[in-house]
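Chemist: Just passing along the structure, written as structure tokens.
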Amino acid sequence: EPEVTQTPSHQVTQMGQEVILRCVPISNHLYFYWYRQILGQKVEFLVSFYNNEISEKSEIFDDQFSVERPDGSNFTLKIRSTKLEDSAMYFCATRDRGLGDTQYFGPGTRLTVL
Amino acid sequence: EDQVTQSPEALRLQEGESSSLNCSYTVSGLRGLFWYRQDPGKGPEFLFTLYSAGEEKEKERLKATLTKKESFLHITAPKPEDSATYLCAVPSNRDDKIIFGKGTRLHILP
């Protein structure tokens, strides 16, 4: 069964450093997303990406965040200068076609900012 | 504002003791409702999508139902391996994203 994969599974970084989180979407899916979940809190939307551009972003997704699909397969989330409050689980999700279709989530990257 | 509320926050059951989890939503023009299972430190694992009131879907000991204002996840004769957090989510009516509830932490005692 096709699945979303994410690397690394755990990233530890110092405050102010740049991190790149990677996702390999399900191959025929067209819509890509990043969500995050701070420990003990609900899953929150960060950004959606379709046709090589951002389609929606939340207020969390400020100038420190960026996304791209550099090689047509990987989908990346970059945080330029990490803050302590960026510590969370980051999930990539993908879906196939129309609005309402199911989003499938990856296993997540645990980001710890020290 | 689109909102998803789940209850109870936590539920402890004895193995074999059936129960139901609730998800109520406020979103106009529902385009689907999703149930996911999340184990600690893992990503949400898809269980069901429901599209219209009256629809039901089943998978092993789980059955999801949908009305015009809420959804239920019924768990019949649960086993300890069913222990997890169960998340309910709906697509936003305005944006291309899904909105999650806080989840119900289910613990099945052997």
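Chemist: Kindly check whether there is at least one residue in the range A:52-64 that is touching a Ser or Thr at 6+ places or on another chain (Cβ under 8 Å), more than 9 Å from every other protein chain (Cβ to nearest Cβ), under 26 Å from B:P91 (Cβ atoms) and buried (at least 20 other Cβ atoms within 10 Å of the Cβ).
Modeler: no
Chemist: Another question, if that's okay. Within the bounds of the range B:67-75, is there any residue that is in contact with a helix residue (DSSP H, G or I) (Cβ under 9 Å, 6 or more places away or on another chain), crowded, with 17+ Cβ neighbours inside 10 Å and either within 14 Å of chain A (Cβ to nearest Cβ) or more than 25 Å from A:R95 (Cβ to Cβ) (or both)? Give the derivation first.
Modeler: As a first pass, look at the range B:67-75 and keep what is in contact with a helix residue (DSSP H, G or I) (Cβ under 9 Å, 6 or more places away or on another chain): B:75.
If we keep only those that are crowded, with 17+ Cβ neighbours inside 10 Å as well, we get B:75.
Filter once more, so that each one left must be either within 14 Å of chain A (Cβ to nearest Cβ) or more than 25 Å from A:R95 (Cβ to Cβ) (or both): B:75.
Checked against the condition, which is being in contact with a helix residue (DSSP H, G or I) (Cβ under 9 Å, 6 or more places away or on another chain), crowded, with 17+ Cβ neighbours inside 10 Å and either within 14 Å of chain A (Cβ to nearest Cβ) or more than 25 Å from A:R95 (Cβ to Cβ) (or both), the range B:67-75 yields at least one hit.
Chemist: Still on this structure, I have one more. Among the residues in the range A:78-85, are any part of a helix (DSSP H, G or I) and more than 10 Å from chain B (Cβ to nearest Cβ)? Before you say what the answer is, go through the steps one by one.
Modeler: Restricting attention to the range A:78-85, the residues satisfying the condition of being part of a helix (DSSP H, G or I) are A:84-85.
Pick out the ones that are also more than 10 Å from chain B (Cβ to nearest Cβ) and you get A:84-85.
Yes, there is a match, as at least one residue in the range A:78-85 is part of a helix (DSSP H, G or I) and more than 10 Å from chain B (Cβ to nearest Cβ).
Chemist: Scan the range A:1-47 for residues that are part of a strand (DSSP E or B), touching a Ser or Thr at 6+ places or on another chain (Cβ under 9 Å) and among the β-branched types (V, I, T) and jot them down. Explain how you work it out, then say what you get.
Modeler: Filtering the range A:1-47 down to residues part of a strand (DSSP E or B) leaves A:5-7, A:10-13, A:19-24, A:31-37, A:44-47.
Checking which are touching a Ser or Thr at 6+ places or on another chain (Cβ under 9 Å) leaves us with A:6-7, A:10-13, A:19-24, A:31-34, A:44-47.
Selection gives A:T7, A:V12, A:T13, A:V19, A:I20, A:V24, A:V47.
Chemist: For the range B:63-84, enumerate the residues that are without any contact (Cβ under 8 Å) to a residue 40 or more places away in the chain and touching a Ser or Thr at 6+ places or on another chain (Cβ under 8 Å). Let's see the steps before the verdict.
Modeler: First, pick out the residues of the range B:63-84 that are without any contact (Cβ under 8 Å) to a residue 40 or more places away in the chain: B:63-68, B:81-83.
Answer for the range B:63-84, where residues must be without any contact (Cβ under 8 Å) to a residue 40 or more places away in the chain and touching a Ser or Thr at 6+ places or on another chain (Cβ under 8 Å): B:K63, B:A64, B:T65, B:L66.
Chemist: On to the next question. Filter the range B:1-45 down to the residues that are free of Cβ contacts under 8 Å to residues at least 12 places away in the same chain and within 21 Å of A:R95 (Cβ to Cβ), then identify the one that is surrounded by the most Cβ atoms within 10 Å (Cβ to Cβ).
Modeler: B:G43
Where a number appears in this text, it was derived from the coordinates with a stated rule and is not lab data. Please read these numbers as outputs of a predicted model, since none were measured by experiment. Cβ: placed from backbone, ideal geometry, glycine included. Neighbour counts: every protein chain shown.
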